[in-house]
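Note sheet for the following structure.
The values are calculated or read from the model by the stated rules, or taken from the named source; none is laboratory data. Computed from a prediction, not measured in an experiment: that's the story for all the values here. Positions of Cβ are generated from backbone atoms using ideal geometry, with glycine treated the same way; all protein chains shown enter the neighbour counts.
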Amino acid sequence: MGIIHINKVTYEYIRRDEENNVEGITTAVDGVSLAVEPGEFIAILGHNGSGKSTLAKHINAILYPSEGSVVVDGMDTKDEDALLKIRQTAGMVFQNPDNQIIGQIVEEDVGFGPENMGVPTKEIWERVEESLKAVGMYEYRSYSPNKLSGGQKQRVSIASVIAMHPKCIILDEPTAMLDPMGRREVIRAVRALNDVEKITMILITHYMEEVIYADRVFVMDKGKVAMSGTPKEIFSRVSELRELRLDVPQVTELAYELKRAGVPLPDGILTREELTEALKKIRMMGQ
Ligand code: ADP
Ligand code: MG
């Protein structure tokens, strides 16, 4: 039994003019089905406006499908009585770290979620400690959030979600506003939580380098799933990705161009190490 079932979901925004008259309808998500298994690391790619955020907001019942259904850990998101449980099962991290932290100090912020859930005080402190340690932010527990870098703030946002003991975390472009160092910190934390704690991760991003660690990748275009597969399968399809206005990781791009120029490389090279190994092999065969 999967943890997330998205069944033929369509979502339509109603566009209105300044006088609130209906101007038209935007179909942001168009008949998407996808199922996620517990412990999977899923990445969702797609250029701006392809429907990624709209789809993500269905998973923790911020939006409800116009058609189709979303089931999270056995709970239909349309079931109002399950709302809190759904939000606790599938936590969400957004793009802007400044909009997510509400506490005056880090540990207070991380404690809010469990406190609202009615967790006993002693256990709240245990959860705050374990969550901050899990994202490498425990030393900053008594800092004011506005003293932290973007990457540190995002890790606190992730800790605040973990403190509610979710089974799944959806991250909607969590690194879009961060510098390269902050991006690395956040992705490292996300991978560790998936590896060690087996938390199901759904990472929406347009940084190709962040996708290579995923078990499966979905590429969205015009509200539909245009491609899906392992990172290797997806990044073997360079020309299709370009048609969808997406880049491939730099190393993959280089390997693709070398291959087109006649170097006999395998498809879907994702890391510098893989490229180095493949080139070494070719050189050895040539000697
Ligand atoms: P992405 O996250 O991939 O950039 P979105 O889900 O934000 O895509 O948007 C998908 C489509 O829905 C776009 O055409 C966008 O303009 C439209 N859209 C998003 N939010 C709203 C909204 N609140 N009202 C009307 N249209 C919206
Ligand atoms: Mg978005």
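Worth a mention:
- Verdict on residue 109 being part of a helix (DSSP H, G or I) and either surrounded by fewer than 16 Cβ atoms within 10 Å (Cβ to Cβ) or without any contact (Cβ under 8 Å) to a residue 12 or more places away in the chain (or both): no
- Index of the failed condition, residue 39 passing every other in (1) of a type outside the set (A, V, I, L, M); (2) near ligand 1 (Cβ under 10 Å from one of its atoms); (3) touching a residue at least 12 places away in the same chain (Cβ under 8 Å): (2)
- If the condition is being within 12 Å of ligand 1 (Cβ to nearest atom) and of a type in the set (Gly, Ala, Ser), then the stretch 7-31 contributes 24, 28.
- Considering the stretch 168-212, the residues that are more than 24 Å from residue 138 (Cβ to Cβ) and assigned to a helix (DSSP H, G or I) include one that is farthest from ligand 1 (Cβ to nearest atom), namely 209.
- Residue that is farthest from residue 30 (Cα to Cα) [pool: residues in the stretch 213-223 that are within 12 Å of the chain's Cα centre (by Cα) and within 16 Å of ligand 1 (Cβ to nearest atom)]: 217
- Residue that is within 16 Å of ligand 1 (Cβ to nearest atom), in contact with a His (Cβ under 7 Å, 6 or more places away or on another chain) and of a type outside the set (Lys, Arg), where the choices are 45, 63, 55, 34: 45
- For the stretch 213-263, the tally of residues that are surrounded by fewer than 19 Cβ atoms within 10 Å (Cβ to Cβ), assigned to a loop (DSSP other than H, G, I, E, B) and at pLDDT 95 or above stands at 3.
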